[in-house]
Structure formats: C-alpha cells, structure tokens
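The values are calculated or read from the model by the stated rules, or taken from the named source; none is laboratory data. Computed from a prediction, not measured in an experiment: that's the story for all the values here. Because the Cβ atoms are built from the backbone with ideal geometry, glycine has one as well, and the counts that use them run over all protein chains shown.
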Amino acid sequence: MKKNSKKSHAEGHSKGLSRRGFLRGAGLTTAGTVVFTTGVQAFEAHTQPAKGTSFGPGSIGIEMKVNGRMQSLTVEPRTTLATALRDHLSLTGTKVVCDRGSCSACTVFIDGKPVNACITMALDVGDREVITIEGIARNGELHPVQEAFIEHDASQCGYCTPGMVMSCVHLLENEENPSLEDVKAATRGNLCRCGTYPHVFKATLSAAEKMK
Amino acid sequence: MNKFSWYEAKSVEDAIEQANSTVSEEIYTPTGKASIYKSGGIDVWDMVKEGLIAPQMIVNVRNIKGLDKMSFDPDSGLSIGANVTLTEIEQSPEVSEHYTALQQAVAHAATPQLRNMSTLAGNLAQRTRCWYFRSADHPCMRKGGDRCYARSQQTGQNENHAILDNGSCVSLHASSVATALLAYEASIVYLDAKGESHEVPIEDFFVSPSQDIWRENILSPGDLITEIKVPTPSSGTRSHYVKQVARESYDWSLADVAVVAKMNGNKCEKITIALGAAAPTPVRAYRAEEALINQVINKESAKLAGETAMASARPLTMNGYKVPLFLTTISQALLEIA
C-alpha cells in the first residue's frame, strides 16, 4: 500500500486542538473537503435526512478519540487506521507487518475490543475510542503486562510485541484468573516468528498474579 | 490501494440504491465505476489491497440500524442480523445452549481480532482463499482466465484444495462457519436491487464452479444480505463441530465437519452431516446421512458413514491426505453425539 506522505497533523496530538482551531490551522476551506464527525451516533441524530452521505475520494477532515484525547486529522477513505495512527498522529508503536489482518501486530482496541488496525479504515472508527500501545501505560507507569514482558524477556525482534501486549492486556482486563489456555486463546491471532510464545505466556500469567 | 469514495448508508433501501456491483462482478468485468458493499470489510480490503478489485465507491453498510440484532425464539428459531459479529455469536448464551456446533465453529474461526470485526454476512459472502485466486499474477478460471493453476499435474500447489466436486475450479469456500450453518439447515435472507426480500436455504445460496465459475454465491449486484435464520433444533437434538488445521493457534480449515442429529434413544432419527474444506462449497454428505438413519451411532456405523461420504472423493496431486483426514474427522464428530 502506498504510504501516505501527507504532512502530519501531530500538533493536534500535543495540544488537543479544538475543531475550530483545527479548521483554521489546516486550512480546510477548499471545496470538496468536509469535516466528518464520524460514527453511528452522528448519523443517528433524528434531524438527519434518510439519505446517507458520501465522502471522498479526496481528503476529509475527521476527528478521532485516541488514547483519551480527541485528535483532528486529514485522511482519505482509503486511509487505514494503522496509517492514520502511525503516519498522521506519529503513534508508531502500532506495527504493520502482514497488512492483511493475519498477524495481529497492528492490534489496537476500538471501544475496548482488540481489532486489526491494518484492515480497519480510519473512517470506520467513528465516535468510538481507539486505544493504542501508547495508551496502555498509566500516569507514566508501565502496565503490569508491559513490566512482565520486560521481566520475562518476552520479546526478541519486537515487531509482534505491541500487538501481543494488547492481546494480553485485553485478556487481563476481562479475566482475573487466566489459565495458560486462556492466554494461548487470547494470543491466537498474534504471530511471532522469533518464537517468544512461552515467555509471553509466563509474563502474562505473572502479570495476572501481580494485578490481583 | 486505489482511491475510492465512501458512502455511509443510513438504511438498507439507501444502500441498495447506491451499490451497482459485487466483488465477483468487479473481478471479471472491471468497469472502473463499481460501487460495492462493505461491512466488516476484511475480505473487501484484502482484495482491494491485493489489486483484485478497484471499486470507485464503497457503500458502508456496517452502521445501518437494525442489522446488528440477534434474537432467539423457540418457535421461530435463531435470527442473526447481517452485521452481527462472530464474537457476538460466539458469546451468545442462546447459541451456546441450542446450537453447540455453531458456537464451536464460530469460536474456531479466524483470530480473536478478526472475530471482533467480521460480520456473519461478510463471512458467508467472502471469496475463496485459493492462493492462485488471491494472486493478481495468476489469471485463473475464476478470474476470467482459461485455466486452473492449482489443478496442474506439474506445478499445481493444491494441498489445501477440493477433493469433492473438483471437476472445474478446485478452490474451497473460505467460511467454516458456513459448514455449521449448513448442518443446521439455516437460510439466508437478502434484499434484491428492487428492495424485494428473498429467503433461500443456505445450500442454495452457495454456487459451485461446476454450475457457474463466475460466482461463489447467488448474490447479484445490489443484493444485500440482511439476516441469517437458523431453525430451532427439535428436542433430543445433539450437534458437534470439528475443524482440522495445520497450526494449533489459528488457521484455515483443512477439513471441518458439522453434525446435527435428532436421536431417539440411542438410534439416529434424523441427521445432517456438513463438510467444509472438501469442495468449492460447503456440502452435505447425503448418502452418509441416509446410511445412519435408524442406526445406532457407534465406531462401526461412524466409520461406514465416513467411507460413504468419501466414496466419490477424487484427490488432486497433493491433497490425498484429506481423504483419511475426513474419514477420521467425520467419525470423531459422529462419536461425540453418539
């Protein structure tokens, strides 16, 4: 897939621009560009007409909640969430490896559910919240799963690691006492060519203990 | 990926007005003006990224209200809206209670991430995973070319391919959930381009390449799946699903079997046996079913049923292993419900 070479709107990441500020800053007054407040809720407003809405194929200004902060960015309908995160918001912790949803290196949460950012379009996110690997640590402290991955040497080349961590964090957020089989099931989609699985399993079980 | 516009459909009627093509049509006769549906998007994006299709417009049906409902009623059975995700089916208490084999099939499909994204309608409408079909460099029969690369005696990489109904294209249908739905005799409800509703048995929804090489299902441009209906199993029904894969973690099926049987004492009163990854469509093993009627299911009858189901198998150069694999898997599934 062609890498998006557009100028990043990462300033929104650090300053949390208002939409008005974003519109001014990004100069989105050119014809054919619309602000796309995406998502089901927006479309369900009772004042909306019954007809749907067309966007693109050119640039569209959208807002997206990422790691607790509303971000404004300019995408095309073909921009994947992975590209939006990595190239537009400089959140490069999310890795793209297979780019087809087969390896899960690009795992992020949308409304708390792990999904593949490489085959989710940015326009698909709508009003739902995205959490990336950068949003897992809290108040400057690593998540217990991240700590345990370091302690148990659960990564080698590191490409699968962010996705692997996301899958394990999701498990522990939903299961206090996971079994080894639970950890295996949670990481079933995460491919690691280095073969770090045994350490990943140990790290996750150990993190579960610490989180009790 | 090619550039495309995105139509956010508000209703099924709205969506139908916008869509003018299907993935299959777009592969054969690229018009450069195709607008096609997308819901979970997994298969559509895969094909766009691979360059197999280049739609001008994507009609997003994922956010249409009402297509994401699932309900169970003992009289009318299970109704699964087109946009219900595989995870939602997997975690449904009603599915676990009444449709064991369906729950097992869904839980073994794809990855946790993909199950969170995949809708049931999209899962059923996805195209084959045959690697020649998926490669833009291989103009195979299914894509309008003149030959089947997988069939080639000399170079065909066909270890995953069909052993039944493989006289034409030898690809497999990609959905293993369909195997279970076939065993439950589910039906597909769809709207045609004029907005008229149709309900077809799932067996008639899938189209074998020996009938029509150009398509894998009956959907024409504008047709939109709205619901999948699964009848309530009668009391005394037992079901089981087994999927054989190369990797423990997750993989496409090499052989999967769903059995749904109504037992009378220890005898089999009615049974359906569905095979996935055996043929270009999910198929019923009718003769094996007949052989089990009024029989006790035990090692002998289960083995005979497997042999009956495999009697017409014609393996290709590299997939001979699938015959014994199906024999074992059919027996295994049957003995689970005995």
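Numbers below:
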read-out: Flag for A:Thr47 being at pLDDT 90 or above, farther than 28 Å from A:Arg188 by Cβ and in the same structural domain as A:Thr120 (by TED's automatic domain parsing); value: no
read-out: Filter result for the condition that a residue is more than 23 Å from B:His240 (Cα to Cα), at pLDDT 95 or above and either more than 11 Å from every other protein chain (Cβ to nearest Cβ) or touching a helix residue (DSSP H, G or I) at 6+ places or on another chain (Cβ under 9 Å) (or both), over B:Asp68, B:Asp73; value: B:Asp68
read-out: Enumeration of residues in the range A:103-128 that are in contact with a helix residue (DSSP H, G or I) (Cβ under 9 Å, 6 or more places away or on another chain) and acidic (Asp, Glu); value: A:Asp124, A:Asp127
read-out: Where A:Thr132 falls short, out of the listed (1) among the polar types (S, T, N, Q); (2) in contact with a Lys or Arg (Cβ under 8 Å, 6 or more places away or on another chain); (3) crowded, with 18+ Cβ neighbours inside 10 Å; value: (2)
read-out: Failed item in (1) facing chain B (nearest Cβ under 8 Å); (2) farther than 21 Å from A:Ala185 by Cα; (3) free of Cβ contacts under 8 Å to residues at least 40 places away in the same chain; (4) not hydrophobic (A, V, I, L, M, F, W, C), with A:Gly61 passing the rest; value: (1)
read-out: Output for the range A:121-140, where each listed residue is in a loop (DSSP other than H, G, I, E, B) and either more than 10 Å from chain B (Cβ to nearest Cβ) or within 16 Å of A:His170 (Cβ to Cβ) (or both); value: A:Asp127, A:Arg128, A:Thr132, A:Ile136, A:Ala137, A:Asn139, A:Gly140
read-out: Top-ranked residue of the range B:96-119 - restricted to ones that are more than 14 Å from every other protein chain (Cβ to nearest Cβ) and out of contact with any Asp or Glu (no Cβ under 9 Å at 6 or more places or on another chain), ranked as farthest from B:Ala180 (Cα to Cα); value: B:Glu97
read-out: Number of the exception - B:Ala279 against (1) within 28 Å of B:Ile213 (Cα to Cα); (2) hydrophobic (A, V, I, L, M, F, W, C); (3) not in a loop (DSSP other than H, G, I, E, B); value: (3)
read-out: Selection from the range A:120-179 of residues that are modelled with pLDDT under 95 and among the basic types (Lys, Arg); value: A:Arg138
read-out: In the range B:242-253, the residues that are over 14 Å from the mean Cα position of the chain (by Cα) and away from chain A (no Cβ under 14 Å); value: B:Val242, B:Gln244
read-out: Matching entry among A:Pro114, A:Pro77 (being in contact with a strand residue (DSSP E or B) (Cβ under 8 Å, 6 or more places away or on another chain), assigned to a loop (DSSP other than H, G, I, E, B) and either facing another protein chain (nearest Cβ under 9 Å) or without any contact (Cβ under 8 Å) to a residue 60 or more places away in the chain (or both)); value: A:Pro77
read-out: In the range B:76-92, the residues that are out of contact with any Gly (no Cβ under 8 Å at 6 or more places or on another chain), more than 14 Å from chain A (Cβ to nearest Cβ) and not in a loop (DSSP other than H, G, I, E, B); value: B:Gly77, B:Leu78, B:Ser79, B:Ile80, B:Ile89
read-out: Residue in the range A:196-206 that is small (Gly, Ala, Ser), within 14 Å of another protein chain (Cβ to nearest Cβ) and either surrounded by fewer than 21 Cβ atoms within 10 Å (Cβ to Cβ) or within 19 Å of the chain's Cα centre (by Cα) (or both) present; value: no
read-out: Condition check for B:Lys267: modelled with pLDDT of 95 or more, basic (Lys, Arg) and farther than 30 Å from B:Arg127 by Cβ; value: no
read-out: Matching helices (runs of 4 or more DSSP H) fully within the range B:2-73 where at least 3 residues are more than 27 Å from B:Arg142 (Cα to Cα); value: B:12-18
read-out: Set A:Val108, A:Val75: member being modelled with pLDDT of 95 or more, crowded, with 24+ Cβ neighbours inside 10 Å, among the hydrophobic types (A, V, I, L, M, F, W, C) and farther than 25 Å from B:Thr85 by Cα; value: A:Val75
read-out: Residue that is farthest from B:Gly265 (Cα to Cα), among those in the range B:295-338 that are touching a Pro at 6+ places or on another chain (Cβ under 9 Å) and of a type in the set (A, V, I, L, M, F, W, C); value: B:Val323
read-out: B:Ser92 surrounded by fewer than 24 Cβ atoms within 10 Å (Cβ to Cβ) and within 24 Å of A:Ala185 (Cα to Cα); value: yes
read-out: Members of the range B:60-89 found to be over 22 Å from the mean Cα position of the chain (by Cα) and of a type in the set (Gly, Ala, Ser), listed by number; value: B:Gly66, B:Ser76
read-out: Matching residues, the range A:147-171, being of a type in the set (A, V, I, L, M) and away from chain B (no Cβ under 14 Å); value: A:Ala148, A:Ile150, A:Ala154
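The rows are residues; the columns are (1) out of contact with any strand residue (DSSP E or B) (no Cβ under 8 Å at 6 or more places or on another chain); (2) of a type in the set (Gly, Ala, Ser).
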residue	(1), (2)
B:Glu50	yes, no
B:Met57	no, no
B:Gly77	no, yes
B:Ala110	yes, yes
B:Asn123	yes, no
B:Ser135	yes, yes
